[in-house]
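Take a look at the structure set out below.
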């Protein structure tokens, strides 16, 4: 399950970056995160949903609530990313750590997970979402 969450978030981040770089015109929250675009966010969301749908169909998963679950993960990962960006701006911090120079540090690699993981576990616990075919 952790692998699925990380995969969904990573795909969304990668596609949002690529699509935002290529087609991005409209900044989504320029004061918080100036490089994020509406086109990138929408593109990342749709690409992630499309790839998850292929996985969903390939493994013949029956629980349609998984699609809603993926949408919630994507939205919460975006909120986590903005949350960390907001505090980095407030504290005048460009990079947190030197492990990934130029990428905002380690925290920028996991900022999307901050809201997604706790929310995912709550959803799975209370709704018994089933990833088994």
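The values are calculated or read from the model by the stated rules, or taken from the named source; none is laboratory data. From a predicted model like this one, the values you see are computed outputs, not experimental measurements. Cβ coordinates were reconstructed from backbone atoms using ideal geometry, including for glycine residues, and neighbour counts include every protein chain displayed.
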*Report yes if some residue within the range 53-69 is within 19 Å of residue 109 (Cα to Cα), exposed (fewer than 13 other Cβ atoms within 10 Å of the Cβ) and either over 13 Å from the mean Cα position of the chain (by Cα) or at pLDDT below 90 (or both); otherwise report no.*
no
*Tell me, please, whether a residue that is at negative phi, surrounded by 14 or more Cβ atoms within 10 Å (Cβ to Cβ) and outside any helix (DSSP H, G or I) can be found in the range 4-23.*
no
*State yes or no: is residue 117 within 20 Å of residue 3 (Cβ to Cβ) and modelled with pLDDT under 90?*
yes
*Determine which member of the set 36, 27 is more than 26 Å from residue 126 (Cβ to Cβ), surrounded by 15 or more Cβ atoms within 10 Å (Cβ to Cβ) and free of Cβ contacts under 8 Å to residues at least 12 places away in the same chain.*
27
